[in-house]
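Notes follow once the structure below has been shown.
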Amino acid sequence: MSLGQVALVATLALPAAGAVAAASVPARLDRVGRLAGTGAAALTLVASLLLLTGGTPPGSRATPIRPWHSIDVPWASGLDLRFHLGVDGVSYPLVVLTALLTLLCCGYTVWKVPEPGRGRVLVALLLAIQIGIVGVFESLDLVLFFVFFEIVLLPMYAVIAIWGGERRRPAARKFVLYTLFGSVLLLVGVFVVVAKAGSADIQGLTGHALPPATQKLAFTLFALAFAVKSPLWPLHTWLPDAHTEAPTVGSVILAGVLLKMGTYGLLRIGVGVTPEGARWASPVVGVLAVAAIIIGGLVCLAQTELKRLIAYSSVGHMGFVVLGIATLTATGAQAALIGNVAHGVITGLLFFLAGAIKDRAHTGRLIDLGGLRETAPGLAGLLGYAAIASLGLPGLAGFWGEAFAVVGSLRRGGPLWTVLAVVAAAGAALAAAYFLRLLRQVTHGSPTPAVARLAPPRLAGAELLSWGPLVVLALVLGLVPAAVLSLSADAARALAAVGGVK
Amino acid sequence: MTTWAALLPTMPFLAALAGLILPRAPRRVAAGLGVGAAAVAFVVSIGLAFAVDGPAESSRRWVDFGDVSVTLGVRFDPTVALVTVAVTTVALAVQIYSVAYLADDDRYGPYAAQVSLFTAAMLLVVVAGDLIELLVGWEVMGICSYLLIGHDRRLPEAPGAAVKAFLVTRVGDVGFLLGIALIGVHLGTFRITEVLASVHRLSPAMLTAVTLLLLAGVAGKSAQFPLHTWLPDAMAGPTPISALIHAATMVAAGVYVVARLFPLFGPAHATREVLAVSAAVTMLIGALAACAQQDIKRVLAWSTVSQLGYMSGALSVGAPPAALFHLLTHAAFKALLFLAAGAVIHAVGTNTMAAMGGLRRGMPVTFWTMTVGLAALVGFPPFAGFWSKDEIISVAWAGSGWAALLVWASAVVTVAVTGWYATRLWLRTFFGAPRGPAAEHPHEPPWLMRGPLIVLAVPSALLGFAGLVSGFAHRLGFGSSVHIEAAGLSVALICLLAGIGGAWFAWQRAPDADPARVLGPARVVLAEGFYLDKVQDTLVVRPVRALARAVRRTDESIVDGAVEATGRGTRSLGAVLSSLHRAALPRAATAVLAAAVLFGLVAALLLGGTR
């Protein structure tokens, strides 16, 4: 086995080992359990970074997916199931992002355990979620992809249902039932493809011409399943409840990387395996994506709760990502990839900050918040930074995905896509409107009673440590977007060639 | 050459980064960073202005999106050099002035860093070699204006004004982004040099669409009607920020970008006609609104709107050099006017002219420098504004078509109105008897504030003569040195004297009363800026808010309502079924038997069928 293959297995095995270690520690050693889990998360991040080194040099152009490292072993030979993992430019940034956010969340939990305690179990669940998400990004087998897709559900359910806010149980139930509904469709889609093609190998299926009717059916099923996960309007309503009730680390993982399973699946499986279906349905997907941008923005403009507002802003941002994918152009695919990563970084940071504000002020109602810059200038400054990054200011990470989704849409051409580009661009102005409204309400003016009593006003070292990487990344990705996009350029071009509009 | 030019935005950017990372740094360090970076940029820009002798460009790939690539580069030529000198001069003056003006502000550190970032963003716009790169500076400038306008915590209107400044410009920027995106899609490049070289590959309709979209962004940034409404409210920012926004950055960016991309705008006649109408309206309503303001800064703010109208008027008749010439002289005298107004406010403790009067004796330096600034503003010969404004009036006169005539007529009338409001400001502030307790014992500001006034008074007085030097005129893009045309000149001068005389006579009759009383019922309309804020509020802000509330309700009650109803329906269906399963023994036995019979029948039929 090469170093890359070892690293590939390690990105799944290390979190598994960490989860077991953390969960099996007795209750009186809770902190030790959390530290052990965090250590495993740190090693996973190292392993994920190692994936970059010594990859297979891009050689033959035989298949559109050319993983840098891959591992392919029989799993259940009777059923012709294979344990086929690989990583390429499309999945690599997301694998690293997942590893990073999991580490930051575990580290944050070492410092602060939400009610009702038992932090080591929370860390173990976070690591279990990580296995599922990283597995989804690394799977090169449809059935394996589905299995990993499902692994995420129950740990996330537990995180919301145990450590969540007041209405945590209904929110967790809604989350799990809604996304389970999506998973059923995904499973049917997988069956349709496997039954027709006789193979579940994503690498082989990409560019493999399935009959058009099968493709249309399969793409519809895939698109619905991934639309629930992304989420795409109008299948998004599990998200605001889940986010509002989830503990801080749950929200960060949920928004930061869990949603990306949907957009990644849409690109890798929807466009890759069923390109004809994608071409056929792309106008509908594009229209829904732009509807998500506008509707998400408008709801944010009338929103009264801090975490709900950020949750709805995710609906808008993921709308840009889906629009990029729906254009079926290399430009749009690249925009979607950097949009995914930027949203993970920025919205992860926003949820950390929203959690910190809610923990300190004991309320998330915007009307009860105000004058934060007077009592906690550091927190207010970071919130301002994250909001500005999230509204897509050029020079920060959020800009590239949104601006080039618009460019990709214009590149696709024709009246429909031109209109979609114009409306999406107007959505960017809407994003500025609701984020500035948020800042005006929360940071400016004189402190409200809740903010005046805010304690502690200073930021703890652990907070700075867990937010710092996101703050830096939001700027670095804004200045050096090629850090992500040069890795994925070939893969995106190949996928767009399969999608085949231009 | 280009390496040095790249240093221009980089130095202030690094200073800003350091300042923002260390918000608790001692005051001295923050001031050192801000002033130091501006000083370095100033020295470099002066050096480059002397060294530059032709266009120089360097460019490297920034990032690829599929087959569209974005470059990161610097383009430097003699015109760019002059604009960078103006930007760095004003930025340096503002940084130095702010050290004293914000002497007792505990958030001076972030403030100075944001001013540095603002300067860096404007310099990036000026030297950018790529449209996406330009967009970065363009929008960062917007967010800096937002941060700085909202700086003052004592003003309840500041946060609202800050949000308005960013949002109005951002609405224009929707068009700007789309224009740039269309260029990238149709020409395959964002690099400015390549774009300008391949304008002919755009169809006339596409060219019109692209330029109109770009124009939306320009109108937002450069406060052109109907997107000018943010600028007067932006006065809520500290006075040095007003000087920065109104003189050399932000509002200048829009005019500069049109001049820079003029090969695109030149052939787009329809776009230039739209620009001409907007410019004619902007210069006149700006000047008229300035006549009725009570707040000394608001008078200056509206005068900026009006002067920007002159610049875009020059662009609309196809004379970018004249626009840039006025941009430079305006940068000098408007920065001077705002900083002098800041000195007045510093001494009197209020913005309203009703509480001033008679200040010339207590603060002679402020008086004389402000007099120079106002003389330059109205275009009194031989002060700077005279030359540049006269140049615009004469190119508009020489232009052909109704649009040029419209710009000319509006420009000439505006000269008279400008003379009127500037004279009113001058008399109300510095002459007559003091009208407030604070105005009785005014004092000159500290030297850190006085110095920039004196320094800026020099170009305000003399920069116009530079137009006569052919080297300077060539650098701006003029064919020959600026010439004076007797016929046009006399019309403008007569208008100017009429305006000044009108204000003087109105004041003479009752030196304690406001000359604006002669406006009669029009006074309220002008003071409210023709109620355009209200129009904007009724037509845009409120409908969007109402729509947002309606969409939120729909999303919660219908979209989510359907989901919740499905859940509830499933549960009640389950409840019904489970209650059926809790039947008593006789009914359960009947049901089992019935089912057995049913299955038996089905099996018999099916098996019978296959046999």
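Using the Cα centre of the protein assembly as shown as origin and beta-carbon charges of +1 (Lys, Arg) and -1 (Asp, Glu), tell me which of A:L97, B:S388, B:V524 is placed farthest towards the positive end of the dipole.
A:L97
Would you list, by chain and number, the aspartates and glutamates whose Cα falls below 20 Å from the Cα of A:K307, excluding same-chain residues fewer than 8 positions away?
A:E115, A:E166, A:D241, A:E245, A:D359, A:D368, A:E463, B:D555, B:E556, B:D560
Would you kindly work out the equivalent ellipsoid of the range B:365-451 from its C-alpha gyration tensor and give its semi-axes, the square roots of five times the eigenvalues, largest first in whole Å?
On the way: eigenvalues 246, 46, 13 Å².
Working from the Cα gyration tensor, I get semi-axes of 35, 15, 8 Å.
Would you give the gap between the C-alpha center of the range A:271-286 and the C-alpha center of the range A:317-377, rounded to a whole Å?
Answer, in whole Å: 28.
Scan the range B:96-194 for trypsin sites (Lys or Arg not before Pro) in coil per DSSP, keeping those whose Cβ has at most 13 other Cβ atoms within 10 Å, and list them by number. Numbers along the way, then the final one.
Numbers: sites: B:R107, B:R153, B:R154, B:K164, B:R170, B:R191; in loops: B:R107, B:R153, B:R154.
Taking the range B:96-194 and a limit of 13 other Cβ atoms within 10 Å, the loop trypsin sites (Lys or Arg not before Pro) found are B:R154.
Taking chain A as the reference, fit the longest principal axis to its C-alpha atoms, fit the long axis of helix A:377-390 to the helix C-alpha atoms, and give the angle between the two in degrees, 0 to 90, nearest 10.
Once rounded, one gets 30 degrees.
Given a Förster distance of 41 Å, report the FRET efficiency between B:A270 and B:L547 from their Cβ-Cβ distance, rounded to the nearest 0.05. Could the numbers behind the result be given before it?
Values: r = 32 Å, r/R0 = 0.77.
With a Förster radius of 41 Å, E is 0.85.
Note down the nm distance, to one decimal, between modelled labels 7 Å out along Cα→Cβ at B:A409 and at A:T418.
Distance between the two pseudo-spin positions: 3.5 nm.
Let me check against my output: what whole-number percent is the relative contact order of chain A, with C-alpha pairs under 8 Å and at least 6 apart?
Details: 961 pairs, mean separation 73.7, N = 502.
Here the relative contact order equals 15 percent.
Taking a virtual spin label 7 Å from the Cα of A:L81 along the C-beta vector, which residues in the range A:110-146 bring their backbone nitrogen under 13 Å of it?
Flagged as within label range: A:141-146.
Write down the Å³ per residue value for the convex hull defined by the alpha carbon atoms of chain A.
Values: hull volume 63.0 nm³, N = 502.
Spread over its residues, the Cα hull of chain A gives 126 Å³ apiece.
For B:A433 and B:D67, calculate 0.36 nm times their separation in residues minus their Cα-Cα distance, and state this gained length in nm to one decimal.
Values: separation 366, 0.36 × 366 = 131.76 nm, distance 6.98 nm.
Between B:A433 and B:D67, full extension yields an extra 124.8 nm.
May I ask you to list the aspartates and glutamates whose Cα is less than 13 Å away from that of A:K229, ignoring any residue fewer than eight positions away on the same chain?
Of all the aspartates and glutamates, those that pass the test against A:K229 - Cα under 13 Å, at least 8 places apart if same chain - are A:E150.
Suppose the chain between B:R154 and B:E194 were pulled fully straight at 0.36 nm per residue; how much longer would it get relative to their current alpha carbon spacing?
Details: separation 40, 0.36 × 40 = 14.40 nm, distance 4.89 nm.
Length gained, B:R154 through B:E194: 9.5 nm.
Which residue, chosen from A:I160, A:G198, A:L187, occupies the Cα position most advanced towards the positive end of the dipole of the range A:140-199, where the dipole is computed from +1 (Lys, Arg) and -1 (Asp, Glu) charges on Cβ about the Cα centre?
Looking along the dipole axis, the top candidate is A:I160.
Taking the Cα centre of the range A:360-448 as the origin, how large is its charge dipole in debye, to the nearest 20, when only Lys and Arg (+1) and Asp and Glu (-1) carry charge on their Cβ atoms?
Values: 7 positive and 3 negative charges, 18 e Å.
That gives the range A:360-448 a dipole magnitude of about 80 debye.
Amide H to amide H, which residues 5 or more places from B:G358 or on other chains are under 5 Å from it, using H placed in the peptide plane?
Correct list: B:F430, B:F431, B:G432.
Which value, in debye to the nearest 20, describes the size of the charge dipole of the protein assembly as shown about its Cα centre when Lys and Arg Cβ atoms bear +1, Asp and Glu Cβ atoms bear -1, and nothing else is charged?
Details: 75 positive and 52 negative charges, 413 e Å.
With only Lys, Arg, Asp and Glu charged at Cβ, the dipole is about 1980 debye.
Let's test the formula: R0 of 30 Å, r as the Cβ-Cβ distance of A:W280 and B:A565. What FRET efficiency results, to the nearest 0.05?
Working: r = 31 Å, r/R0 = 1.04.
Efficiency computed from Cβ-Cβ geometry: 0.45.
Find how much the distance from B:L539 to B:A583 grows on full extension, using 0.36 nm per residue of separation minus their present alpha carbon separation; answer in nm with one decimal. Before the final figure, lay out the partial values.
Numbers: separation 44, 0.36 × 44 = 15.84 nm, distance 6.46 nm.
Extending this stretch completely gives an extra 9.4 nm.
Once both axes come from the Cα atoms, what is the angle between helix B:204-221 and the longest principal axis of chain B, in degrees from 0 to 90, rounded to 10?
Roughly 70 degrees between the two axes.
Considering the options B:S116, B:S98, B:M141, tell which one lies farthest towards the positive end of the dipole of the range B:95-160, charges being +1 on Lys and Arg and -1 on Asp and Glu at the Cβ, about the Cα centre.
Going by the Cα projections, it comes out as B:S98.
Roughly speaking, what % of Cα-Cα pairs in the range A:393-502 are separated by over 19 Å, rounded to a whole number? Present the calculation step by step, with values, prior to reporting the outcome.
Details: 4018 of 5995 pairs.
Of all Cα-Cα pairs in the range A:393-502, 67 percent lie more than 19 Å apart.
Given labels modelled 7 Å from the Cα in the Cβ direction, how far is it in nm from A:L180 to B:A398?
Inter-label distance under the simple model: 8.0 nm.
If one takes the longest principal axis of the Cα atoms in chain B, at what angle in degrees, from 0 to 90 and to the nearest 10, does the Cα axis of helix B:158-187 lie?
Once rounded, one gets 80 degrees.
Efficiency by 1/(1 + (r/R0)^6): what FRET value for A:S2 and A:D359, r their Cβ-Cβ distance, R0 = 41 Å, to the nearest 0.05?
Values: r = 45 Å, r/R0 = 1.10.
Step by step, r from the Cβ atoms, then E = 0.35.
So, in nm, how far is label B:L22 from label A:S486 when the simple model puts each one 7 Å beyond its Cα toward the Cβ?
3.1
Be a star and scan the range B:205-225 for residues whose amide nitrogen sits under 14 Å from the point 7 Å along the Cα-to-Cβ vector of B:F530.
Backbone N within reach: B:224-225.
Using the Kirkwood radius over C-alpha pairs as Rh, can you work out the diffusion coefficient of the protein assembly as shown via Stokes-Einstein at 37 °C, viscosity 0.692 mPa s, in µm² per second? Walk me through the numbers before you get to the answer.
Working: Rh = 31.3 Å.
Estimated diffusion coefficient is 105 µm²/s.
Taking a cut-off of 16 Å between Cα atoms, list the aspartates and glutamates near B:K389, but don't count ones fewer than 8 places away on the same chain.
Answer for B:K389, where 16 Å is the Cα cut-off: B:E485, listed by chain and number.
Values quoted throughout were computed directly from the atomic coordinates according to the rules given, and no laboratory measurement underlies them. In this text the structure is predicted, and so the values were computed from the model without any measurement. When we count neighbours, we look across all protein chains shown, and the Cβ atoms used for this are built from the backbone with ideal geometry, even at glycine.
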